[in-house]
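K.L.:
Take this structure first; my questions come after.
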Amino acid sequence: MSELNMTGENQEIPQTPRDLKVLSALEIWGVLGIGQLHGLASSEAPAEDKVRLFFNETERSCYATRLSKRLRKLESASYIRGHFFINHPKLFTLAERGHELLKRRGAARLPGYRDSIDESLVDHELTASAAGLVMSELLGLTVRTERERFQWNSRGGRGPAPERGISDLWIVDRVQPKAVEIEMHQKSENRYADIFEAYRRKLPDGGAVLYLTAWPSGVRCILGHAQTFRAPFIYACSLAEFRRTGGRAFFQSATVEDGPISLAPTAARELAAR
């Protein structure tokens, strides 16, 4: 790995396992904030601190850490790209040079990468990453991102797919695979009818669709539509409760007989009831 020095020549800098972890995370998640990258690097941090970081909550001290200094070097060397948006800590995406490094190391998982993000998508994309990081890093679930399930081109766009109704996240589970939808705002009733019908056609037997809702009446809204459109595979949980419990909150069903779903390991599920 190298970066440009003051004379414009390439200066070698030692490669570290953490560099590859950063690049790999950006390849898979697309865009991550400085707090989220600190959460991935903080293996010894308490779970509640990691949840805070995964939701990209930061302090000024985050910008003075060794990781932050390393991120600046990676950015200067054009392995990653930094982005600034109002009301958000600094965000990062992968750059072409970083993806090429992953491919040379045999560590690339996708044929393309995302190198930019529209401001209108920032809240949703960071929240989807936050939920996925909590599920994978804290709960030990196998989570696939939207990027991993579409064919993406080298500039971050996605290729044609037979059906666009792909979930934000997918939890791999042989018994009950789960689609996860990050719902930042309420959609129209007709839109939910179309989405639920698409899931009815393509969801594997025994599968479920889990909604994480960001507005106060979100759970009631989603479950009301699920009942109206007879979609017992739909479950909902508030994003605030999911965050408060570190992913251990229950996803409620519109039908009493189906009961709630918890993503927590069996031994820890009782924490969600507190």
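K.L.:
Consider Ala179 against the criteria (1) without any contact (Cβ under 8 Å) to a residue 40 or more places away in the chain; (2) buried (at least 20 other Cβ atoms within 10 Å of the Cβ); (3) not in a strand (DSSP E or B): it satisfies all of them except one. Which criterion is unmet?
P.N.:
(3)
K.L.:
Modelled with pLDDT under 95 and of a type in the set (D, E, K, R): is that true of Arg81 in this structure?
P.N.:
Working: modelled with pLDDT under 95: no; of a type in the set (D, E, K, R): yes.
The answer is no for Arg81.
K.L.:
Among Leu121, Leu110, Leu102, which is the only one that is under 22 Å from Gly39 (Cβ atoms) and part of a loop (DSSP other than H, G, I, E, B)?
P.N.:
Details: Leu121 fails: part of a loop (DSSP other than H, G, I, E, B); Leu102 fails: part of a loop (DSSP other than H, G, I, E, B).
When all the criteria are applied, what remains is Leu110.
K.L.:
Just name the residue that is nearest to Asp123 (Cα to Cα) out of those in segment 208-250 that are small (Gly, Ala, Ser) and in contact (Cβ under 8 Å) with a residue 40 or more places away in the chain. Explain how you work it out, then say what you get.
P.N.:
Initial filter on segment 208-250 (small (Gly, Ala, Ser)): 208, 214, 217-218, 224, 226, 231, 236, 238, 240, 246-247, 249.
Next, from what is left, pick out any that are in contact (Cβ under 8 Å) with a residue 40 or more places away in the chain: 208, 214, 246-247.
On the way: Ala208: 25, Ala214: 11, Gly246: 19, Gly247: 19 Å.
Result: Ala214.
K.L.:
Something else about it: So which residues in segment 29-46 are over 17 Å from the mean Cα position of the chain (by Cα) and not hydroxyl-bearing (Ser, Thr, Tyr)? Reasoning before the result, please.
P.N.:
Initial filter on segment 29-46 (over 17 Å from the mean Cα position of the chain (by Cα)): 42-46.
Within segment 29-46, Glu44, Ala45, Pro46 meet the criteria.
K.L.:
Restricting attention to segment 68-92, which residues are of a type in the set (Ser, Thr, Tyr) and either touching a Ser or Thr at 6+ places or on another chain (Cβ under 6 Å) or assigned to a loop (DSSP other than H, G, I, E, B) (or both)?
P.N.:
Of segment 68-92, the ones of a type in the set (Ser, Thr, Tyr) are 68, 76, 78-79.
If the condition is that a residue be of a type in the set (Ser, Thr, Tyr) and either touching a Ser or Thr at 6+ places or on another chain (Cβ under 6 Å) or assigned to a loop (DSSP other than H, G, I, E, B) (or both), then Ser78, Tyr79 are the ones that fit.
K.L.:
One residue is enough: does segment 99-114 have a residue meeting the conditions in contact with a strand residue (DSSP E or B) (Cβ under 9 Å, 6 or more places away or on another chain), among the small types (Gly, Ala, Ser) and at pLDDT below 95? Before you say what the answer is, go through the steps one by one.
P.N.:
Let us first name the residues in segment 99-114 that are in contact with a strand residue (DSSP E or B) (Cβ under 9 Å, 6 or more places away or on another chain), namely 102, 110-114.
From what is left, the residues that are among the small types (Gly, Ala, Ser) are 112.
Going one step further and asking which of them are at pLDDT below 95, we end up with 112.
Checked against the condition, which is being in contact with a strand residue (DSSP E or B) (Cβ under 9 Å, 6 or more places away or on another chain), among the small types (Gly, Ala, Ser) and at pLDDT below 95, segment 99-114 yields at least one hit.
K.L.:
May I pose another question? Do we have Glu27 as in a helix (DSSP H, G or I), at pLDDT below 95 and among the acidic types (Asp, Glu) here? Don't jump to the end; show me each part of the working.
P.N.:
On the way: in a helix (DSSP H, G or I): yes; at pLDDT below 95: no; among the acidic types (Asp, Glu): yes.
No; evaluated as a whole, the condition is false for this residue.
K.L.:
Would you point out the residue of segment 109-132, among those that are of a type in the set (Gly, Ala, Ser) and buried (at least 18 other Cβ atoms within 10 Å of the Cβ), that is nearest to the chain's Cα centre (by Cα)?
P.N.:
Applying the first criterion (of a type in the set (Gly, Ala, Ser)) to segment 109-132 yields 112, 116, 120, 128-132.
Now narrow it down to the ones that are buried (at least 18 other Cβ atoms within 10 Å of the Cβ): 112, 128-132.
On the way: Gly112: 17, Ala128: 4, Ser129: 2, Ala130: 5, Ala131: 6, Gly132: 4 Å.
Ranking the candidates gives Ser129 first.
Residue-by-condition table, conditions (1) under 20 Å from Leu138 (Cα atoms); (2) of a type in the set (Val, Ile, Thr); (3) touching a Pro at 6+ places or on another chain (Cβ under 9 Å):
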| position | (1), (2), (3) |
| --- | --- |
| Glu183 | no, no, no |
| Lys187 | no, no, no |
| Asp194 | no, no, no |
| Cys237 | yes, no, yes |
| Glu257 | no, no, yes |
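K.L.:
Among all residue pairs at least 6 apart or on different chains, which show Cβ distances below 6 Å where the first residue, located in segment 60-86, is over 18 Å from Gly39 (Cβ atoms) and assigned by TED's automatic domain parsing to the domain that holds Leu26 and the second is assigned to a helix (DSSP H, G or I) and among the aliphatic types (A, V, I, L, M)?
P.N.:
Partner pairs satisfying both residue conditions: Phe85/Val122.
K.L.:
To continue, here is another question. With respect to Ser76, is the statement that it is among the small types (Gly, Ala, Ser) and within 26 Å of Glu181 (Cβ to Cβ) true?
P.N.:
Details: among the small types (Gly, Ala, Ser): yes; within 26 Å of Glu181 (Cβ to Cβ): no.
No.
K.L.:
Of the conditions (1) surrounded by fewer than 14 Cβ atoms within 10 Å (Cβ to Cβ); (2) at pLDDT 90 or above, Tyr199 satisfies every one except a single condition; which number is it?
P.N.:
Unmet condition: (1).
K.L.:
Starting from residues that are buried (at least 17 other Cβ atoms within 10 Å of the Cβ) and in a helix (DSSP H, G or I), keep the ones in segment 54-66 and report whichever is nearest to the chain's Cα centre (by Cα).
P.N.:
First, pick out the residues of segment 54-66 that are buried (at least 17 other Cβ atoms within 10 Å of the Cβ): 54-58, 62.
Next, from what is left, pick out any that are in a helix (DSSP H, G or I): 54, 62.
Details: Phe54: 9, Cys62: 21 Å.
Step by step, filter segment 54-66, then rank; the result is Phe54.
K.L.:
A further question follows. Among the residues of segment 193-224, write down those that are under 17 Å from Gly259 (Cα atoms) and either assigned to a helix (DSSP H, G or I) or assigned by TED's automatic domain parsing to the domain that holds Ala47 (or both).
P.N.:
Val219, Arg220, Ile222, Leu223, Gly224
The values are calculated or read from the model by the stated rules, or taken from the named source; none is laboratory data. This one's a predicted model, so the numbers in the text were calculated from it and none came from an experiment. All Cβ positions, glycine included, derive from the backbone under ideal geometry; neighbour counts span all protein chains shown.
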